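The values are calculated or read from the model by the stated rules, or taken from the named source; none is laboratory data. Bear in mind the structure is a predicted one, so any value in this text is a computation, not a measurement. Here the Cβ positions follow ideal geometry from the backbone for every residue, glycine too, while neighbour counts run over all protein chains shown.
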Amino acid sequence: MSDPWDGILEADETILWQGRPDTVFSMTREEFFMMAFGMLFSAFALIWMTIVVFAGAIFWIVGLIFLGIGIAVTTYAICRNTVARRYSYYTLTSRRAIIGLSYPWAKPRLRKIRITPKRKIRTDHEHTITFGPPGRSKHHPFPTRPPQFTWIDDVDKVYHLILKIQKETP
């Protein structure tokens, strides 16, 4: 039987901690505003479609596209993080933090973050550890969220392990 970590772990790298995020429903402020925008977009599409129907035009069918977009934005804002956490897992090794995402409908992905003394690592001491500053996307002009271990129970224990790794890394 082969080890599932073959080809992922480097030589002399050991696993110090593994965990999964809590899957309880939660929304960030950004997601709440995105949800509100999607609902307003949908409401505007419905109002526009109603006005066009009463005017006697068949052009109201075009409004279905905008109604669908509004509903999709609302649903995405509500479900995105909860679903992502359900299929995420975290691993801390003696050299790296590994964030795995394994949706049943997509190819599994691993994000490997090398832990060095220069990397800024923060925690909110409640449930999240953040690895570095926000980045830039190649696809849009907005900053992207930095890699994180989110909604973990033993955040202080993991954070102190990371600080210990940073001190021991040359």
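Observations
- For Thr130, the criteria (1) surrounded by 15 or more Cβ atoms within 10 Å (Cβ to Cβ); (2) in the same structural domain as Lys157 (by TED's automatic domain parsing); (3) touching a Phe, Trp or Tyr at 6+ places or on another chain (Cβ under 8 Å) hold in every case but one, which is (3).
- Residue tally, condition of a type in the set (S, T, N, Q), part of a strand (DSSP E or B) and without any contact (Cβ under 8 Å) to a residue 24 or more places away in the chain, over segment 100-130: 1
- Candidate set from segment 148-169 (those that are assigned to a loop (DSSP other than H, G, I, E, B) and crowded, with 17+ Cβ neighbours inside 10 Å); member that is nearest to the chain's Cα centre (by Cα): Thr150
- Any chance Thr82 is closer than 30 Å to Ala43 by Cβ, touching a Ser or Thr at 6+ places or on another chain (Cβ under 7 Å) and either part of a helix (DSSP H, G or I) or among the small types (Gly, Ala, Ser) (or both): yes
- Which numbered condition Ala36 misses (of (1) touching a Leu at 6+ places or on another chain (Cβ under 6 Å); (2) small (Gly, Ala, Ser); (3) modelled with pLDDT of 95 or more): (1)
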